[in-house]
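I have placed the structure first, in the form of structure tokens, so that the comments after it can refer back to it.
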Amino acid sequence: MTTKRLSIQRYLPEQSKTPFWQDFDVPFDDSTSILEALNHIKEDMDGSLSYRWSCRMAICGSCGVMVNGEPKLGCKSFLREYPGTIKIEPLAHFPVQKDLIIDMEIFLEHLAAVQPYLINDSEDSTQTHKQTPAQLAKYLKFSDCINCGLCYSACPQFGLNPEFLGPAALTLAHRYNLDSRDQGKAQRMAQLNREEGVWTCTFVGYCSEVCPKSVDPAAAVNQGKVESAKDLLINLFKR
Amino acid sequence: MAKHVGYFPELKRNWWLKNRYFMAYMAREATVLPLVFFIVCLLAGLYSLLLGPGSWQGWLHFMQNPITIAINLLALGASLFHAATFFTLFPRVMPLRVGGRAIPAKWIILGQWFGVLLVMALFAWVFGRGM
């Protein structure tokens, strides 16, 4: 079996304050994913390597890492796709706790801020909320997000200012605003209208390139700008 | 914001040089620089018109300078490049629907270029008549 060299950025806070690089030669074939290579290293070569993973099939969104400088899901990228040495780093723009494990706290705070769930205070809560296929089609594309955080690592605006709500949170806000069963748009608009809301986005567009579920967060955020502008105009006339 | 443990690598000033998407983005944003020059030229022309014939001749002479022409050609190219990026992004930001059916992005992009051609033809007609 042929091998491929993985150069992994290690960070062991109990040993050193700065990260360092460590090389591993991993056996691989056409079906070996980055995640399987990391599992091989942990099981057979160096048990101290730390990283997150769970489902192995691009559903849980846990195994995001930088592969040759690009945000990728470890389970959805394969060694065969990379000709030379593969550089693995923790996801960019987040604080690193250990090796490939990042602190996602700020991302989770931004998610919570936009209330990404159905808000509906209609009196008869025993009734099901019916929806037509056309109403579903309006937001379906934006509902595939798995909260992996790759779009945050792709977003230079988030890298420059972590207070920016960021692609995934703004996309989910838009997804619920577009949902015919939801009544929470007014609450979410307050977040979208902030400077750290939709207006920090400058449509670099790389978030949509790296999204493993083809959600197109850049489109959602910029549709959010149109909504925010409409919201401003409507509020001007309401006064 | 939660207290961070570990280390937090800062984004360096040259972040945009490390990825071709970021370079393309910066090229798109940089199109404003030659456009600023074009607008300054335009405003200077209007101002020299106010000052009188001597000033106007001076401005005409400046506009015929090969360097001025080169920068203004660059501005034209830059604005067309910016338009191309804008036209491609537009259907994603404002997806249009007619009678419940989504208009394909390709049509919206072509429609915008058709608009550019119309404006150019209008200008050619208006300014071409006097020649």
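The table below gives the values:
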| quantity | calculated |
| --- | --- |
| Residue match in region A:165-174 (condition: more than 26 Å from residue A:52 (Cα to Cα) and surrounded by fewer than 16 Cβ atoms within 10 Å (Cβ to Cβ)) | no |
| Flag for residue A:98 being within 17 Å of residue A:152 (Cα to Cα), of a type in the set (D, E, K, R) and either surrounded by fewer than 19 Cβ atoms within 10 Å (Cβ to Cβ) or not assigned by TED's automatic domain parsing to the domain that holds residue A:150 (or both) | no |
| Residue ID - nearest to residue A:176 (Cα to Cα), chosen from residues in region A:114-136 that are aliphatic (A, V, I, L, M) and more than 9 Å from chain B (Cβ to nearest Cβ) | A:118 |
| Odd one out for residue A:12 among (1) of a type in the set (A, V, I, L, M, F, W, C); (2) within 14 Å of another protein chain (Cβ to nearest Cβ); (3) not in a loop (DSSP other than H, G, I, E, B) | (3) |
| Residues within region A:125-170 that are in a helix (DSSP H, G or I) and either under 13 Å from the mean Cα position of the chain (by Cα) or of a type in the set (Ser, Thr, Tyr) (or both), tallied | 13 |
| Unique residue being assigned to a loop (DSSP other than H, G, I, E, B), within 14 Å of chain B (Cβ to nearest Cβ) and among the hydrophobic types (A, V, I, L, M, F, W, C) when the list is A:111, A:91 | A:91 |
| Residue A:41, sole failed condition from (1) assigned to a helix (DSSP H, G or I); (2) at pLDDT below 95 | (2) |
| Where residue A:84 falls short, out of the listed (1) under 30 Å from residue A:177 (Cα atoms); (2) in a loop (DSSP other than H, G, I, E, B); (3) among the small types (Gly, Ala, Ser) | (1) |
| Residues of region A:16-32 satisfying the condition of being within 14 Å of chain B (Cβ to nearest Cβ) and either exposed (fewer than 10 other Cβ atoms within 10 Å of the Cβ) or among the hydroxyl-bearing types (Ser, Thr, Tyr) (or both) | A:16, A:17, A:18 |
| Sole exception among (1) away from every other protein chain (no Cβ under 14 Å); (2) in contact with a Gly (Cβ under 6 Å, 6 or more places away or on another chain) for residue B:74, by number | (2) |
| Residue, nearest to the other protein chains (Cβ to nearest Cβ), within region A:178-233, restricted to residues that are of a type in the set (Val, Ile, Thr) and not in a helix (DSSP H, G or I) | A:204 |
| Failed item in (1) exposed (fewer than 15 other Cβ atoms within 10 Å of the Cβ); (2) within 24 Å of the chain's Cα centre (by Cα); (3) assigned to a strand (DSSP E or B), with residue A:66 passing the rest | (1) |
| Scope region B:17-30; condition in a helix (DSSP H, G or I) and at the interface with chain A (Cβ under 7 Å from one of its Cβ atoms); matching residues | B:21, B:22, B:25 |
| Residue satisfying all of: in region A:109-133; within 28 Å of residue A:166 (Cβ to Cβ) and either among the β-branched types (Val, Ile, Thr) or not assigned by TED's automatic domain parsing to the domain that holds residue A:182 (or both); surrounded by the fewest Cβ atoms within 10 Å (Cβ to Cβ) among these | A:119 |
| Residue, nearest to the other protein chains (Cβ to nearest Cβ), within region A:140-177, restricted to residues that are touching a residue at least 60 places away in the same chain (Cβ under 8 Å) and on the phi > 0 side of the Ramachandran plot | A:149 |
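The values are calculated or read from the model by the stated rules, or taken from the named source; none is laboratory data. On a predicted model such as this, the values are computed, not experimentally measured, just so you know. Counting neighbours? That spans all protein chains shown, and the Cβs are built from the backbone with ideal geometry, glycine included.
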